[in-house]
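The numbers here are math on the coordinates, done by the rules we state, and not lab data. These numbers were taken from a predicted model, which means no experiment stands behind them. Glycine gets a Cβ as well: all are built from the backbone with ideal geometry, and neighbour counts include every protein chain shown.
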Number of protein chains: 2
Amino acid sequence: MDIFPAPLERLIRDLSRLPGVGSKSATRMALYILNSNRELADSLAKSLVQVKDEIKFCSICFNFTDTDPCAVCRDTNRSERVICVVEGPGDQLAIEETGVFKGKYHVLHGVLSPLDGIGPENLKIGELISRCNSGDVEEVILAINPTTQGEATSSYLADILLKKNIKVTRIALGVPVGGDLKYMDYMTLKHSLNSRTLV
Amino acid sequence: MDIFPAPLERLIRDLSRLPGVGSKSATRMALYILNSNRELADSLAKSLVQVKDEIKFCSICFNFTDTDPCAVCRDTNRSERVICVVEGPGDQLAIEETGVFKGKYHVLHGVLSPLDGIGPENLKIGELISRCNSGDVEEVILAINPTTQGEATSSYLADILLKKNIKVTRIALGVPVGGDLKYMDYMTLKHSLNSRTLV
């Protein structure tokens with residue numbers, strides 16, 4: 001039996017469809033929304049509909065955007081010569097927040113995963129290669145997450161791009177700044193030792 | 001500078017107004033919503049508006065309801081003689097989930113907190129006393145959260161109700177089932193020892 005009235009149960013069920021939200025947090029959020037003034041619920045409802053109405057993919061880098069091309073692709077202060085390849089829009093955000101990268105991006109929208117039926121044609125790989133064919137691109141930075149499938153995707157891309165005489169680099173892997181060696185996994189530590197740099 | 005397009009930033013900002021949602025989880029949720037089919041966003045937007053439109057307070061127990069009186073207050077299989085007093089609707093839910101309580105509830109919507117300017121007139125205390133004045137109530141179970149302010153509220157209510165010759169009980173405090181004594185705080189352990197029961 002549902003304990004809460006139907007509209008509240010419905011909101012809890014919908015909220016718990018969000019990632020990282022279980023039924024307890026969904027209940028907490030729903031009760032908070034009920035106790036808050038009407039503006040919160042209305043504003044959130046409006047944002048949800050707007051985001052679906054107004055956000056599309058940038059036709060150049062395939063990041064989410066409300067203008068096409070996106071703000072980053074239009075920015076003439078950013079170099080066209082370096083493209084940073086990421087898995088998803090969240091990864092692009094993380095890099096952008098560091099403020100150190102001044103080139104353009106390319107969002108793959110996933111990684112190769114043959115077991116899940118995801119091949120190169122399901123990702124924005126063809127589009128990346130077209131961009132690189134233009135002749136302006138000097139370097140491609142592979143910033144794909146270092147998972148098993150991400151690594152495979154990086155090698156796949158590196159193979160193709162190196163044949164076009166483009167410089168291909170990848171972000172450094174190792175112990176995170178502030179990390180603790182005794183809690184680090186074997187693979188990271190091994191990589192960290194093998195990729196040691198001169199001081 | 002906002003990195004994401006405006007509608008997405010707006011959704012992230014609105015989501016992070018929810019309790020327990022920081023900007024990272026809000027970003028994760030917003031990107032998930034963008035990647036999901038339109039039905040999720042629409043359904044959640046609709047639930048948000050409906051919950052505000054259709055949910056009101058039960059005029060008897062002051063729990064949230066879409067019918068007045070609420071389902072629990074209308075249920076004739078539940079005893080009118082025992083009222084369980086809770087701080088908020090979430091607490092009522094937790095008790096209801098145990099399935100052991102077959103009486104009625106009364107939701108205070110907060111606890112006394114003189115420093116925040118919350119006195120008896122800001123809570124549903126007058127309404128509780130009116131219910132107890134009807135003569136049908138034999139026992140009031142105080143199930144207010146055992147915080148400092150909750151304890152003060154419990155004592156305040158106990159003082160009033162005892163004068164009306166109503167049996168006043170409170171839920172047992174102690175070490176939670178499955179709990180570990182070495183991680184228990186001093187106050188709980190002290191209470192647990194003082195309130196020990198015969199086996």
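Worth pointing out:
- Counting from the shortest, the label point at A:R17, 7 Å from Cα toward Cβ, is 2.2 nm from the same position in each remaining copy.
- Inter-chain Cβ neighbour average for residues A:53-66, partner chain, 10 Å: 3
- Structure-based [θ]222 nm, chain A - -39500 (n - 2.57) summed over DSSP H runs of at least 4, per residue, nearest 500: -13000 deg cm²/dmol
- Residue-by-residue Karplus 3J(HN,Hα) for the range B:102-118, coefficients 6.51, -1.76, 1.60, Hz, glycine and proline x: 10, x, 9, 10, 9, 9, 7, 6, x, 10, 4, 8, x, 5, 8, x, 9
- When only Cα pairs below 8 angstrom with a gap of at least 6 residues are kept, chain A shows a relative contact order of 13 percent.
- Exam field: A:E127 pseudo-label spacings to other copies (7 Å along Cα-Cβ), nanometres: 5.4
- Packing-based exposure ordering (other Cβ within 10 Å, fewest first) of A:F101, A:F64: A:F101, A:F64
- For the range B:97-155 and the range A:4-39, distance of Cα centres in Å: 24 Å
- Across peptide B:91-97, the average count of Cβ atoms from other chains found within 10 Å of a residue's Cβ is 2.
- Calculated from backbone phi, Karplus (6.51, -1.76, 1.60) coupling profile of the range A:168-179 in Hz, x at Gly/Pro: 10, 10, 9, 5, 6, 10, x, 6, x, 4, x, x
- Cross-link check: pairs A:K56/A:K164; A:K124/A:K190; A:K104/A:K167; B:K102/B:K163; A:K46/B:K24; A:K46/A:K124 evaluated at a Cα-Cα cut-off of 23 Å; pairs beyond the cut-off: A:K56/A:K164; A:K124/A:K190; B:K102/B:K163; A:K46/A:K124.
- Closest approach to the A/B rotation axis among chain A Cβ atoms, residue and whole-Å value: A:A45, 2
- Sequence ranges A:125-134, B:22-31, A:4-13, ranked by mean other-Cβ count within 10 angstrom, highest first: A:4-13, B:22-31, A:125-134
- Label distances, nm, B:I171 versus same residue in remaining copies, Cβ-directed 7 Å point: 4.5
- Seen against the Cα atoms of chain A and their longest principal axis, helix A:6-15 is set at about 10 degrees.
- Taking every alpha-carbon pair under 8 Å whose residues sit at least 6 apart, the range A:5-115 reaches a relative contact order of 17 percent.
- Exercise: per-residue mean of other protein chain Cβ atoms within 10 Å, A:34-45: 6
- Whole-Å semi-axes of the ellipsoid equivalent to chain B (Cα gyration tensor, √5λ, descending): 38, 24, 17
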